Amino acid sequence: MSLTPVTLRKPESTDGFALNNLVERCKPLDTNSVYCNLLQCYDFADTAIAAETADGDLVGFISGYRPPARQDTLFVWQVAVDSRMRGQGLALKMLLALIGRVRADGVSRLETTISPGNEASEALFKKAFRLLGAEYSTEVLFSRETHFNGQHDDEVIYRAGPFTQSAPQPAQA
Ligand SMILES: CC(C)(COP(=O)(O)OP(=O)(O)OC[C@H]1O[C@@H](n2cnc3c(N)ncnc32)[C@H](O)[C@@H]1OP(=O)(O)O)[C@@H](O)C(=O)NCCC(=O)NCCS
């Protein structure tokens, strides 16, 4: 039920710089180098999705990859929606469209990490799991003390799947 029209599509390498800016605007996401974002758009385009307005502004993005040892899994790295586009269902729409695309290529599970207290992210993924009919479990994957030298919140991994239902799909993905 997005109110502002957007097009969902596979990223291209030319999205990398705008993606770097979008992520910088989307606290509390960790920022990456432009080079990292370029690679997400180039080598990992099959497991990512971009949302742009009619004016060509990049207003949403999900980056991800298939872990080499778990090819049936989409690991979602980051979800970013420009503040002016939030609350319109765009993140959920992108996530379901991306999952629909990778399911056709053998993906039946999803993993992501969320820092405790990121209620928007928790609500987004729990809703997606519900729509996909996927059970999930959680555990601390990277801990503040052990992995971040006390300088970053814990990262809790959500492991969901297998998907048992088809979720509603938007027109373009
Ligand atoms: C998290 C984020 C991507 C959500 O984008 P969005 O397009 O506004 O999300 P949606 O409108 O698709 O909402 C999906 C669900 O999450 C819920 N939700 C969204 N924002 C929420 C918030 N701030 N608090 C609680 N729930 C929230 C929605 O209510 C909706 O559930 P519902 O349909 O049952 O009501 C966006 O807020 C964002 O970019 N935040 C900053 C970066 C970030 O934290 N990313 C996630 C970590 S990877």
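State in Å² the accessible area per residue of the chain; use a 1.4 Å probe, count heavy atoms of protein chains only, and round to the nearest integer. Before the final figure, lay out the partial values.
Numbers: 9010 Å² over 173 residues.
Result: 52 Å² of accessible area for each residue.
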| Taking the range 6-160 as the region of interest, what is the percent of Cα-Cα pairs per 10 angstrom bin, listed from the shortest bin to the one with the maximum distance? | 11, 41, 39, 9, 0
| request: Using only Cα atoms, locate the centre of the range 16-63 and the centre of the range 129-149, then give the distance between them in Å, rounded to an integer. | output: 23 Å
| message | Sequence gap at least 6, Cα distance under 8 Å: using those rules, report the relative contact order of the range 6-160 to the nearest whole percent. | response | 17 percent
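Need one number: the % of Cα-Cα pairs in the range 70-166 sitting beyond the 17 Å mark.
52 percent
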| remark: the range 88-113 and the range 114-128 have their Cα centres apart by a whole-number Å value of 15 Å
| said: Rounded to the nearest percent, how much of the accessible area of the range 6-160 (1.4 Å probe, protein heavy atoms only) is carbon and sulfur? | reply: 49 percent
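The values are calculated or read from the model by the stated rules, or taken from the named source; none is laboratory data. Note that the structure is a prediction, hence the values are computed from the model and not measured. Heavy atoms of the whole protein, side chains included, go into the accessibility calculation; ligands, DNA and RNA do not. Shrake-Rupley method; radii C 1.70, N 1.55, O 1.52, S 1.80 Å.
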